[in-house]
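Engineer: Take this structure first; my questions come after.
The values are calculated or read from the model by the stated rules, or taken from the named source; none is laboratory data. Remember, predicted model here, so these are calculated numbers, not experimental data. Backbone-built Cβ (ideal geometry, glycine too); neighbour counts: all protein chains shown.
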Amino acid sequence: MNLYVESLRQMFGAEPRKPGKEDFTEEARKLHEFKNTPEQRAERRRLIAEELAHKKESFSWRKWRWPTIIFVNLLFVISYHFDVQLVEGALTASRVIGFHFADLNSSLQVTLAFKEMLINLVIGTATVAVLWWLVGGRSFCAWTCPYHLLSEWVEMLHVRLAEKGWAKDYQLHRGVRTVLYVVFALLAFVTGYTVFEWISPVGITSRALIYGTLAGMIWVGVLLFIELFFIRRFWCRYMCPIGMTYAFVGSVSPTTVHYDLSKCLHEGECRKVCLVPHVLEITKKGRATRPHIDIGADCTRCAMCIEACPTGALTFRVKGLDKLL
Amino acid sequence: MSDEASKGNAPAKKPKKRMSRRERERRRALVLSILTGGAVVGLGLAGYYPVMTYAKAEDRLRPPGAIEEREFLAACIKCGQCVQVCPVEAIILADFEDGFGNGVPHIVARDQACDFSCDAVQCILACPTGALTHEIDKKEQVRMGLAVLTRPDTCLARKGLGFKGTARGDDFPGLHRYIEVDRWNPIRIADHPYDLELCDLCVRECPIKDAIRLEPMSDDPNDKRKTPVVTDKCVGCGMCEMICPVDPPSIEIIPRKKYGEA
């Protein structure tokens with residue numbers, strides 16, 4: 001089982017595949033066997049009990065992530081209203097100290113609809129692609145997207161409501177995003193109109209912040225309402241084509257969340273907090289085919305799992321950098 | 001015997017029951033996915049419908065350099081960089097309530113016209129996608145529409161009347177750069193009162209040379225009446241529409257209309 005292909009399969013919406021016997025590396029197989037010995041199982045139970053008795057505070061990535069989202073979006077607002085020209089434009093396209101930046105999905109929609117690509121847009125798109133490739137692809141979602149932040153706050157509320165039984169959490173088929181991705185790409189090409197941009201909550205929220213075009217926030221409100229009461233993280237998890245575009249970029253990114261099988265106690269804390277829990281399927285007992293695995297394409301690098309993991313089995317890793325240092 | 005039968009059936013029944021429940025959940029997920037995904041696509045298409053039928057698209061005055069309307073809607077990446085560089089903030093972005101083209105820029109000339117205070121065509125230079133064509137770089141090359149004397153009967157000049165006071169009232173927030181007042185910064189039109197023997201505001205404040213002139217209405221030297229005549233130099237910026245002191249304005253921009261076109 002090729003892990004890269006598997007991560008793309010999951011990105012397109014397939015259920016994570018249960019690995020066959022032949023998929024495990026010798027090392028991983030031995031590790032699983034070792035973990036399954038009676039002594040180790042007892043040890044694992046002991047460790048979990050100990051861990052529950054003494055909750056450790058882990059490093060709060062969120063304390064950095066939320067301010068980052070707010071800071072980036074504030075840069076746009078400040079640049080416009082105080083005319084400081086740091087980041088001109090909106091999240092769909094901008095100029096950062098004069099350099100062209102263009103959101104990959106907006107750029108894709110425009111190019112499909114217009115069927116022409118000006119050099120400025122090529123430069124902007126390439127710059128942004130390289131930038132987000134470096135830091136992880138869907139890290140755009142967790143570290144920059146203003147809708148993601150709103151959605152995250154609503155999710156916290158949703159979890160509380162669900163505990164009281166006031167909110168449902170209906171599951172959807174994740175493949176719906178792939179369908180939407182293709183449909184909106186086709187629509188842009190066939191109609192010659194950027195159909196998706198009309199409803200993109202990311203563009204709408206960004207422009208509402210910068211230019212005060214607030215009417216579009218009604219649609220954002222509707223989405224958040226659905227997320228609050230019916231479907232947890234409806235847009236980000238099941239619908240957003242932007243997330244998929246960045247997932248493509250992230251699938252080959254050097255910045256990943258790294259999983260260390262030997263440290264894992266398989267408690268499942270990470271999957272509970274994850275926006276895209278299918279990428280963490282390997283943390284289930286007996287699933288990891290290698291002792292060390294980089295989490296798949298759909299991962300937003302939000303670091304919630306890293307925070308949740310009591311044993312440090314999940315960490316950030318920059319491929320190549322660990323060898324260099 | 002009945003005990004035995006139920007015992008024998010129990011293990012076979014149990015997994016079957018679990019499967020069916022899982023199956024039900026999967027089916028519900030699928031139905032919900034189709035419904036919600038369909039709704040999202042449907043809403044997207046609802047935004048396309050007015051573009052398809054072209055009901056209102058041509059009513060909107062686009063910023064300088066805007067390419068053909070359909071192509072313009074395709075090419076615009078909705079970033080608002082044109083909005084940001086405009087010194088008089090003439091360009092505004094469409095919102096949900098405008099029905100289509102969310103985030104696409106347009107100008108409401110009567111409220112705030114483009115008066116080329118930027119001296120060049122900054123919005124064109126700012127556009128990253130070429131929705132505002134990079135093929136032009138001078139204000140004289142712009143063709144947003146054409147000024148038309150839509151209400152000739154109300155025109156003060158045609159009645160031979162002068163004009164005194166602020167063109168659009170003391171509360172009007174619109175800006176214009178009066179070179180003789182401040183070379184670099186636009187000021188409020190409300191801060192610039194006039195006292196004219198014959199109203200010639202549309203000609204006086206037109207930022208384009210020879211785009212509009214006043215012509216006598218008769219050969220009689222005692223006849224003060226004059227009429228505005230728009231020439232092929234007109235770029236359709238809307239300055240005349242904004243400054244016209246009559247309400248509703250005697251002169252208006254017809255978006256995308258070309259000179260000599262019916």
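Engineer: Given the criterion on the phi > 0 side of the Ramachandran plot and within 11 Å of chain A (Cβ to nearest Cβ), identify the matching residue among B:Gly38, B:Gly44, B:Gly99, B:Gly65.
Structural biologist: Result of the check over B:Gly38, B:Gly44, B:Gly99, B:Gly65: B:Gly99.
Engineer: If you don't mind, another one. Only residues that are aromatic (Phe, Trp, Tyr), in a helix (DSSP H, G or I) and at the interface with chain B (Cβ under 7 Å from one of its Cβ atoms): list them for region A:185-214, please.
Structural biologist: A:Phe196, A:Trp198, A:Tyr211
Engineer: I'd like the full set of residues that are aromatic (Phe, Trp, Tyr) and at pLDDT below 95, limited to region A:167-191.
Structural biologist: Answer for region A:167-191, where residues must be aromatic (Phe, Trp, Tyr) and at pLDDT below 95: just A:Tyr170.
Engineer: Same structure again: From the list B:Val104, B:Val83, exactly one residue is under 18 Å from B:Gly174 (Cβ atoms), at pLDDT 90 or above and within 10 Å of chain A (Cβ to nearest Cβ). Which is it?
Structural biologist: B:Val83
Engineer: Among (1) at pLDDT 95 or above; (2) within 14 Å of chain A (Cβ to nearest Cβ), there is one condition B:Arg168 misses while meeting the rest; what is its number?
Structural biologist: So B:Arg168 meets the others, but not (2).
Engineer: Is it true that A:Glu281 is touching a residue at least 12 places away in the same chain (Cβ under 8 Å), within 22 Å of A:Val176 (Cα to Cα) and within 14 Å of chain B (Cβ to nearest Cβ)?
Structural biologist: So A:Glu281 fails the test.
Engineer: Inside region A:305-325, can you point out the residues that are in contact with an Asp or Glu (Cβ under 9 Å, 6 or more places away or on another chain) and closer than 26 Å to A:Lys18 by Cβ?
Structural biologist: Answer for region A:305-325, where residues must be in contact with an Asp or Glu (Cβ under 9 Å, 6 or more places away or on another chain) and closer than 26 Å to A:Lys18 by Cβ: A:Cys305, A:Ala308, A:Cys309, A:Pro310, A:Thr311, A:Ala313, A:Leu314, A:Thr315, A:Arg317.
Engineer: Condition check: over 29 Å from B:Glu215 (Cβ atoms), away from chain A (no Cβ under 13 Å) and either out of contact with any Lys or Arg (no Cβ under 7 Å at 6 or more places or on another chain) or acidic (Asp, Glu) (or both). Does B:Ala94 satisfy that?
Structural biologist: Considered against the rule, which asks whether it is over 29 Å from B:Glu215 (Cβ atoms), away from chain A (no Cβ under 13 Å) and either out of contact with any Lys or Arg (no Cβ under 7 Å at 6 or more places or on another chain) or acidic (Asp, Glu) (or both), B:Ala94 comes out as no.
This table checks each residue for (1) modelled with pLDDT of 95 or more; (2) assigned to a helix (DSSP H, G or I); (3) touching a strand residue (DSSP E or B) at 6+ places or on another chain (Cβ under 8 Å).
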| residue | (1), (2), (3) |
| --- | --- |
| A:Trp219 | yes, yes, no |
| A:Val222 | yes, yes, no |
| A:Ile226 | yes, yes, no |
| A:Arg237 | yes, yes, no |
| A:Ile242 | yes, yes, no |
| A:Tyr259 | yes, no, yes |
| A:Lys272 | no, yes, no |
| A:Lys285 | no, no, no |
| A:Thr300 | yes, no, no |
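Engineer: I'd like to check something: does region B:122-139 contain any residue that is in a loop (DSSP other than H, G, I, E, B), more than 14 Å from chain A (Cβ to nearest Cβ) and at positive phi?
Structural biologist: Looking through region B:122-139, none of the residues is in a loop (DSSP other than H, G, I, E, B), more than 14 Å from chain A (Cβ to nearest Cβ) and at positive phi.
Engineer: Can I ask one more? Restricting attention to region B:97-121, report how many residues are without any contact (Cβ under 8 Å) to a residue 40 or more places away in the chain and touching a helix residue (DSSP H, G or I) at 6+ places or on another chain (Cβ under 6 Å).
Structural biologist: So the count comes out to 1.
Engineer: Report, by residue number, each residue of region A:95-142 that is touching a residue at least 60 places away in the same chain (Cβ under 8 Å), of a type in the set (Gly, Ala, Ser) and part of a helix (DSSP H, G or I).
Structural biologist: A:Ser106, A:Ala113, A:Ala129, A:Ser139, A:Ala142
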